[in-house]
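Novice: Right, I'll just put the structure down here and ask away after.
The values are calculated or read from the model by the stated rules, or taken from the named source; none is laboratory data. For clarity, every value in this text was computed on a predicted model and none was experimentally measured. Positions of Cβ are generated from backbone atoms using ideal geometry, with glycine treated the same way; all protein chains shown enter the neighbour counts. Areas reflect the complete protein model, heavy atoms only, side chains present, ligands, DNA and RNA absent. Shrake-Rupley method; radii C 1.70, N 1.55, O 1.52, S 1.80 Å.
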Amino acid sequence: MAYFYDCEVFRAEDFCVTWGINEGDGLALPASCCSGDIYTLRTGAPPLMLRLSIDAIITMASDTGIVPDESVVTVHGTLRLMSVDGDLLAAMVLEAAEHLFLLPLSPMRPATGYALIGIDEEAAALRMSELVQGCFGPGTRITMGDGSLCPVEGLEIGMVVRTRDHGPQPLRWIGKVTTRAHGPFAPVTIPPGLLGNLGSLTLGPLQRIFLYQRNEERLGSRAEVLVQTQFLVDGVRVLQREGGFATHYSLAFDQHQIIYAEGIPVESLLVSRATVARLPDRLAQDLSTRFPHLNQRAHFAQDLSADLVTKGVRDTLLRQKEK
């Protein structure tokens, strides 16, 4: 079962040194970059779409126009830059099919000078779980085994949570990640009542919501489906918030579960070797200790791909839930 996220990248040659030791050169591998050099994104530089598969340890690229589908993406490191007016920017240097790209992790302005102030070459793999795999935003209430509601930040390991398929189950692991709320970091907010949720619901963009289809015009081949929250964003009712920082909590059980957040069914973290490979080292070590076999099976509900959730389908889903 693959998870995908589309993000914007820029060609390395469009992010050039306009002052410094490497003046006139485009972005190079971090080992060749020099602190203090000032980079500027060329005016009119077109962003390219990079589709990342984050369900496997290896990521793939597509839709760039110059990189074949299913090209392996290598992460060479992270750059820290500062604009002339003090705006901080973090960005990853990626390589696919012998082409270098810049993946900004916060908003970047064209025709603005950014001084390189830090280089981290230790990022040997794209830790997508650190970016987008967080599940629940602070304040989201989880249904407990006795039917009461508890804010996700108030949960503790060992507490009993209600699950859809296996009744009350003890919580085995809690992960917490805080990142800049931009692009794949930006949380999705669903207003109270829109999906039958009791209160405002904030989830990561790849967090999947469980839907049971009662009518005959089903999406996919099964009545039970899982849809990523990013596919429900319409800019009017369901919003994806950009700016500032976002904190997400991930919850894991002995088995992959469907639990209830603000009264609606959503999935827990799927514990697997791929999950651990994508987590920050601190969380990966903790998760590996608690789940030594790393072999949970995904829920049997069908995962809806982006091509199935068109604008019309999304509007229909939201209207059905509003009734």
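Novice: Based on what the data block shows, is VAL152 open to solvent by 40 Å² or more (accessible area, probe 1.4 Å), modelled with pLDDT of 95 or more and of a type in the set (A, V, I, L, M)?
Specialist: Criteria not met by VAL152.
Novice: Output the strands (runs of 3 or more DSSP E) that fall wholly within the stretch 1-97 and possess 1 or more residues being open to solvent by less than 60 Å² (accessible area, probe 1.4 Å), of a type in the set (A, V, I, L, M, F, W, C) and modelled with pLDDT under 90, or say none.
Specialist: So the answer is 4-11, 48-53, 71-83, 88-96.
Novice: Here is a further query. Among the residues in the stretch 113-120, are any open to solvent by 10 Å² or more (accessible area, probe 1.4 Å) and at pLDDT below 90? Walk me through it before giving the result.
Specialist: Initial filter on the stretch 113-120 (open to solvent by 10 Å² or more (accessible area, probe 1.4 Å)): 113, 115, 117, 119-120.
Cutting the leftovers down to at pLDDT below 90 gives us 120.
Checked against the condition, which is being open to solvent by 10 Å² or more (accessible area, probe 1.4 Å) and at pLDDT below 90, the stretch 113-120 yields at least one hit.
Novice: Right, something else. Would you mention how many residues in the stretch 75-87 are in contact with a Leu (Cβ under 7 Å, 6 or more places away or on another chain) and of a type in the set (Val, Ile, Thr)?
Specialist: 1
Novice: Do we have HIS299 as in a loop (DSSP other than H, G, I, E, B), in contact with a strand residue (DSSP E or B) (Cβ under 7 Å, 6 or more places away or on another chain) and modelled with pLDDT under 70 here?
Specialist: When the stated conditions are applied, HIS299 passes them.
Novice: Additional query: Would you mention how many residues in the stretch 98-108 are open to solvent by 20 Å² or more (accessible area, probe 1.4 Å) and under 12 Å from ALA12 (Cα atoms)?
Specialist: Result for the stretch 98-108: 3.
Novice: Find the residue count for the stretch 148-160, including only residues that are part of a strand (DSSP E or B) and closer than 25 Å to THR289 by Cα.
Specialist: Going through the stretch 148-160 one residue at a time, the tally reaches 1.
Novice: Another question about this same structure. Among the residues of the stretch 245-255, are any buried (at least 19 other Cβ atoms within 10 Å of the Cβ), closer than 24 Å to ALA186 by Cβ and at pLDDT below 75?
Specialist: Among the residues of the stretch 245-255, not one is buried (at least 19 other Cβ atoms within 10 Å of the Cβ), closer than 24 Å to ALA186 by Cβ and at pLDDT below 75, which makes the answer no.
Novice: Determine, yes or no, whether THR247 is in contact (Cβ under 8 Å) with a residue 12 or more places away in the chain, under 18 Å from the mean Cα position of the chain (by Cα) and under 21 Å from LEU317 (Cβ atoms).
Specialist: Working: in contact (Cβ under 8 Å) with a residue 12 or more places away in the chain: yes; under 18 Å from the mean Cα position of the chain (by Cα): yes; under 21 Å from LEU317 (Cβ atoms): no.
No: the conditions fail for THR247.
Rundown of residues vs (1) at pLDDT below 90; (2) in a loop (DSSP other than H, G, I, E, B); (3) open to solvent by less than 10 Å² (accessible area, probe 1.4 Å), yes/no style:
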{"site": "SER129", "(1), (2), (3)": "yes, no, yes"}
{"site": "ASP146", "(1), (2), (3)": "no, yes, no"}
{"site": "ARG162", "(1), (2), (3)": "no, no, no"}
{"site": "PRO168", "(1), (2), (3)": "no, no, no"}
{"site": "PRO184", "(1), (2), (3)": "yes, no, no"}
{"site": "THR189", "(1), (2), (3)": "no, no, no"}
{"site": "THR202", "(1), (2), (3)": "no, no, no"}
